[in-house]
Amino acid sequence: MPRVKRSTKRSDRRKKILKRASGYFLTKSKLYQAAQEAVERGLKFAYIGRKQKKRQFRSLWIVRINAACKLNGMSYSTFIDGLRKAEIELDRKVLADIAANDPAGFAALAVSAKNALEAAKKARAAA
């Protein structure tokens, strides 16, 4: 078998890992093996964090929408159900922004959701 001399490939790979590990504490930023373990661990947490960020923002939006719903005399779940029945397709990010910055607009949405719920209730009673 031919002999393999790694020269630039190995040093490039190591430089890349050590560059990513710059700023880590003690040997984690200086020694290759410790740096590699720390970088892999950091990348794992970064991947998980990107998923958690989406969850946390969604729950924040729900809290904001719920607070605005309480001011308009309904619960979050009935509000969302009313919006679906009124065929208003706004995502939670937009609804939370409206709730925070435009109370009058959110009140109008709440009224339309209530009307849609009442219309659905009447349709059920008639059937």
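We did not get these values from a lab; they are worked out from the coordinates using the rules stated. Only a predicted model underlies this, so the values are computations on that prediction, with no experimental measurement involved. Here Cβ is always computed from backbone atoms with ideal geometry, including for glycine, and neighbour counts include all displayed protein chains.
Assign unit charges at the C-beta atoms only (+1 for Lys and Arg, -1 for Asp and Glu), then state the dipole size of the chain relative to its Cα centre in Debye, rounded to the nearest 20.
The dipole of the chain has a size of about 1620 debye.
In whole angstrom, note down how far apart the Cα centers of the range 74-103 and the range 1-67 are.
38
Taking 32 Å as the cut-off for C-alpha to C-alpha distance, list the pairs among Lys15/Lys93; Lys44/Lys70; Lys30/Lys51; Lys15/Lys53 that go past it.
Lys15/Lys93; Lys44/Lys70
Using 1/(1 + (r/R0)^6) with R0 = 22 angstrom and r between the beta carbons of Gln33 and Lys5, what's the FRET efficiency to the nearest 0.05?
0.55
Relative contact order for the chain: what percent, with Cα pairs under 8 Å and sequence separation of 6 or more?
18
Aspartates and glutamates near Lys28 by alpha-carbon distance under 15 Å, same-chain residues fewer than 8 away left out - which ones?
Glu37, Glu40
By how many degrees, 0 to 90 and rounded to 10, does the Cα axis of helix 92-101 deviate from the longest principal axis of the chain?
70
How many Å³ per residue does the convex hull of the Cα positions in the range 12-126 occupy?
Dividing the Cα hull volume of the range 12-126 by its residues yields 150 Å³.
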